[in-house]
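Working notes, structure below.
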Amino acid sequence: MKNKYFLFITGCLFLFSCTKTHQQENRITVTIEPQRYFASQLADTLFTVETMVPPGTSPETYDPSPVQMTAVARSKAYFCIGYIGFEEAWADKLKANHPQVKFFDNSKGVSLIETGAHAHEGCHHGKTDPHIWSSPREALTIVKNMYEALLEIDPGHAAVYTENYRLLAARIKDTDEKITDMLKSSSQKAFIIYHPALSYFARDYGLVQYCIENDGKEPSPGHLKELVETVKNLQIKTIFVQQEFDRKNAESIARETGCRLLVINPLSCNWNEEMIRIAQALADE
Ligand SMILES: [Zn+2]
C-alpha cells in the first residue's frame, strides 16, 4: 500500500516539474515596456513577456542585475528594440551567455533618424536615434517584426498570432489617424522636451522637437537662454518632462515663459494611451 502512495507522489512531482519547466520556457524578454505592450498583444497568454529595463529607469544607462542576466536563459526569445544604450552595452554579453535564446531586432526596416538629420543642436544619441516606438507608423514595423519572430519560434500557434497581429495593426493605424486629425488643426508646431524621446513622433506629424538635454548632458546656461528665446519666438506652449529625468531646468523655462509643463511617459506599457495623451497636449490651443 505504502509503495503505491510513494509512486503516486513521485509521479505527481515528476508531472509538476515537467509542467513548470515548460511554462517557464514560454517566455519572451524585451528591453523596454512599450515592447511588452506590443508583444503581449500579439502573444496573448501563450507567452509571458519580461522587461529588462524597469519602469522609472533610463534605458540609456540602466544596468541589469545578475538575477536578470541569468533569467534571460529561460526565455525562448529576446526582442531587441535596437540602438538603445542598454542593448549597446549588454546585448552581446546576453547573446554570448545564452546561445539557446533567439535574438530578434525589432527595428529591422524602420526608417531611422540618423545624427545630423535633426533640425536642432543637442538632440541626438550617438549615431542613430533609438526612440522608434514613439512613432505609430514605425510601431507597425516593430509589430510586424515581432509577429514574424513569433511565427518562427512558435509556428504551432500561427493562427492566433495572425489574428492578433491583424487586430493590433488596425489599432495602431487607428491611433495614427486619430493623432493626425488632432494635430492637423493645431497651431502648436513645436514643443520642448527634456530628453529627445519624441523625435520620430515629431517627424511623423510635422512638428519640431527642441531638447533641454544637450547631447545627453545637462544643458549649459547658454543653451537654456537659447531655448527661452526659441519658446518666445515660436510661441511654444508645451514643455514635456519624463519621470526618469531632472525637472528643474524645465521648470525654470516654464516660469520664465509661461509655458505649461506636462509629465509624460514615452516608456509606458500603456503605449496607445500615452501616444494619444501626448497628441492631446499638442492639440490643445
Ligand atoms: Zn532615450
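In contact (Cβ under 8 Å) with a residue 24 or more places away in the chain, open to solvent by 30 Å² or more (accessible area, probe 1.4 Å) and in contact with a Lys or Arg (Cβ under 8 Å, 6 or more places away or on another chain): is that true of E88 in this structure? No, not satisfied. Among the residues of the range 64-89, how many are within 16 Å of the ligand (Cβ to nearest atom) and of a type outside the set (S, T, Y)? Counting residues in the range 64-89 that are within 16 Å of the ligand (Cβ to nearest atom) and of a type outside the set (S, T, Y) gives 9.
When the residues of the range 231-249 are filtered to those that are of a type in the set (A, V, I, L, M, F, W, C) and over 23 Å from the mean Cα position of the chain (by Cα), the one that is surrounded by the most Cβ atoms within 10 Å (Cβ to Cβ) is V231. Testing T180 on (1) open to solvent by less than 10 Å² (accessible area, probe 1.4 Å); (2) of a type outside the set (D, E); (3) part of a helix (DSSP H, G or I); (4) under 15 Å from I278 (Cα atoms), one condition comes back false. Which one is that? Result: T180 passes all but (1).
In the range 146-153 there is no residue that is open to solvent by 10 Å² or more (accessible area, probe 1.4 Å), in contact (Cβ under 8 Å) with a residue 12 or more places away in the chain and not in a helix (DSSP H, G or I).
Filter the range 206-230 for residues that are away from the ligand (no atom under 16 Å from the Cβ) and crowded, with 22+ Cβ neighbours inside 10 Å and give the result. Scanning the range 206-230 gives a single hit, L227. Note on the range 262-278: residues that are more than 17 Å from the chain's Cα centre (by Cα) and either of a type in the set (G, A, S) or at pLDDT below 95 (or both) amount to 0.
For V101, the criteria (1) surrounded by fewer than 21 Cβ atoms within 10 Å (Cβ to Cβ); (2) modelled with pLDDT of 95 or more; (3) of a type in the set (V, I, T); (4) within 14 Å of the ligand (Cβ to nearest atom) hold in every case but one, which is (4).
The values are calculated or read from the model by the stated rules, or taken from the named source; none is laboratory data. Since the structure is predicted, the reported quantities are computational estimates derived from the model, not experimental observations. Methodologically, a virtual Cβ is constructed for each residue, glycine included, from the backbone with ideal geometry; neighbour enumeration extends over all protein chains shown. Surface areas here come from the heavy atoms of the whole protein model, side chains and all, with no ligands, DNA or RNA. Shrake-Rupley method; radii C 1.70, N 1.55, O 1.52, S 1.80 Å.
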